[in-house]
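First the structure, in the form of structure tokens, and then the observations on it.
FYI, it's all coordinate maths here, none of it is from the lab. Here the structure is a predicted model, which means the values were calculated and not measured. So basically every Cβ, Gly included, is an ideal-geometry build from the backbone, and we count neighbours across all protein chains shown.
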């Protein structure tokens, strides 16, 4: 480690999946949600200082892989995230993610972190932040349509940040609702299992839709709704995937994160390109109105934007360094003389297991040894 | 590790800087260059099967950070790479890079690898591959203008893949040329230090320009050149950074990797948007001619394209797994029930060093412990 400890600025802190969970558990999920929401709000309020672009996406028949970059003058962040609905049948999550925070003055990556759990946290924090500005004051009841992987985080964010006390649950899969009720049993939330979307939304101040179906669905239709409700539409988040009937959008005032991306991916993809929509940062800075009366229907058409991951990575970076979680890795090279890249090859090769014909049987198994000590390998 | 060893498909193989150097040393640099060139050629020959886009870039006054994604129907790859000319004064390389290879069927990241060294290798392999199709047969002498971090790799690639025997060197910084001559002393190449670009290019079959100056430079002008030379222009690779006088391009037949990106970043950024240029894959597949005579001047306007990193990552992945190099990491989460992300938080938090006021002094130092065993932490 000698060569590296003299230049720690060049090493990257790595937070594996377990490390991120440990950081969140140490902070407490409610505190973490609040901290991320505050950080997102602060970052959204300085919206014009960011270099923004819609995420890049590579599609196949199986799913999508996306890169979501964003930067200000000091920090660059990006997230890698996939969406593969059939993954659960293989024992893999539908969505997996990781991200990097880097220094814009040098380009050196500062943090590499698993972001699957963190994506659910930042999405819920974003939802609650938007609702704080768009829902009627003091909401008490939320309908939660879609009780899958993200549902717990949505319920707990609205409890912690808006004081929601009761959640009315519906999912086409009863097992998902059972899982959710089990996970939230000790939360203090009053949970009601409902037999339909229509039943779930009765009396709700806020309706959160977070369904996984990758089609143009109309989970919510206009006749189900009551004046004054706020709709937090999370699951219409890629081309061809929507949750709201167009009439719902036409009767509401609609807010989004980053308009160029939401036009392609959000529920408003169903409407004309000039359908009026307000970017949330304008509400947060006070330049545009949020809710304008108790009888207005509001929609937050959330697709997830890179700046939320930027904020999440900052919170993780701060907390992990304070707590001493994570390991430093050589994610990028640090030759002793930075102009002499070739010198990296000058060290003798480590003694490897040579690939002989007799080793062929081992080739079908993963060729990595779990017992390798990374610190020693650096 | 129990939970993870049952689902190894979900883990990612990590190759740190040292691991990549070990793989290259084990293969031998010449073999590695040849293998990468072959892989790039095979991938370029199936060009239409890739989902391609120009790289995304975030610029500041200090430099640029880029993401370079590309995918076919089975694999997704991206590279993170920066360019910060003032980094060497901080002891950091100007360019640092890492990349990921992922499975398009599931979105699971398969390989995470340091790519600074690998970027120099794939760039040199690409240069030699292009020259194999664009230079006159049996080149013997190469001029190498710019003797910085990438110069060794260019010289050795042209020796290994084209049989170049003599290299004529020039750099504005004599220390760079000394470093290069030292590193290549045992290569078998005949090396000549030259006093000017003009002197270096005399009698050269191939002229490689790989300078770092981030300006519109004219390192090569038309009157320096002789008929039949091939120019491998590597250092004009971002907006505002060029190496060739426009007349050089106008007198030559010009080839590039991916036209939409080269129009923005390459030496042809100086010319009209309809200046004729041929994408190299068309030459490799035989649909377009390469060099058409011994007196023609040819230019490969190379800026570096994501597909070269895709090919490089494939070579690294194959070799590292065969050699047993690298460590598996939990780059993405693997909850036991993929629909129950919340379960990741159910494990008790690890005992951390609590951040008390008395620990403040430690906060200025990196808050990571080099002695942590990553395998144990997973």
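Here are the numbers:
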| item | result |
| --- | --- |
| Average partner coverage of A:149-161, which counts Cβ from other chains inside 10 Å | 2 |
| Footprinting exposure proxy for A:190, A:26 (fewest neighbouring C-beta atoms within 10 Å first) | A:190, A:26 |
| Between the range B:224-273 and the range B:312-348, the Cα center-to-center distance that results, in Å | 42 Å |
| Estimated distance in nm for a label pair at residue B:172 and residue A:73, the labels positioned 7 Å out from Cα along Cα-to-Cβ | 2.7 nm |
| Label 7 Å beyond Cα on the Cβ vector: residue B:186 copy-to-copy distances, nm | 6.3 |
| Helix A:116-134 axis, angle to chain A major axis (alpha carbon atoms, nearest 10°) | 30 degrees |
| Helix-only CD estimate at 222 nm, as mean residue ellipticity for chain A, using -39500 (n - 2.57) per DSSP H run (n ≥ 4) | -9000 deg cm²/dmol |
| Bridge type composition, chain B - antiparallel percent by DSSP, nearest 5 | 50 percent |
| Ordering of A:229-236, B:168-175 by packing [mean C-beta count within 10 Å, highest first] | A:229-236, B:168-175 |
| Residue exposure sequence - B:308, B:152, B:41 - by fewest surrounding Cβ within 10 Å | B:41, B:152, B:308 |
| Residue B:218-residue A:217 FRET efficiency (beta carbon distance; Förster radius 56 Å; 0.05 resolution) | 0.40 |
| Efficiency of FRET from Cβ geometry, residue B:274 and residue A:61, R₀ 45 Å, rounded to 0.05 | 0.75 |
| Helix axis angle, A:306-323 relative to chain A longest principal axis, alpha carbon, degrees | 60 degrees |
| Label point distance in nm, residue A:289-residue B:190, each placed 7 Å from Cα along Cα→Cβ | 8.4 nm |
| Inter-chain Cβ neighbour average for residues B:50-57, partner chain, 10 Å | 3 |
| Inter-label distance, nm, simple model (7 Å from Cα along the C-beta direction), residue A:250/residue A:264 | 2.7 nm |
| Where N is the number of residues in the protein assembly as shown, Cα Rg divided by 2.2 N^0.38 Å | 1.01 |
| Considering only the protein assembly as shown, percent of DSSP beta bridges that pair antiparallel, nearest 5 | 50 percent |
| Label spacing, shortest first and in nm, from residue B:292 to its equivalents in the remaining copies (7 angstrom along Cα→Cβ) | 6.5 |
| Ordering of A:259-267, A:286-294 by burial proxy (mean other Cβ atoms within 10 Å per residue, highest first) | A:259-267, A:286-294 |
| Copies compared at residue B:217 - label distances in nm, ascending, label defined 7 Å from Cα in the Cβ direction | 5.8 |
| Shielding by partners, peptide B:79-89 (average Cβ within 10 angstrom, other chains) | 4 |
| Measure of compaction for the range A:124-304 (Cα Rg per 2.2 N^0.38 Å) | 0.94 |
| On Cα atoms only, tilt of B:151-162 relative to the major axis of chain B in degrees | 70 degrees |
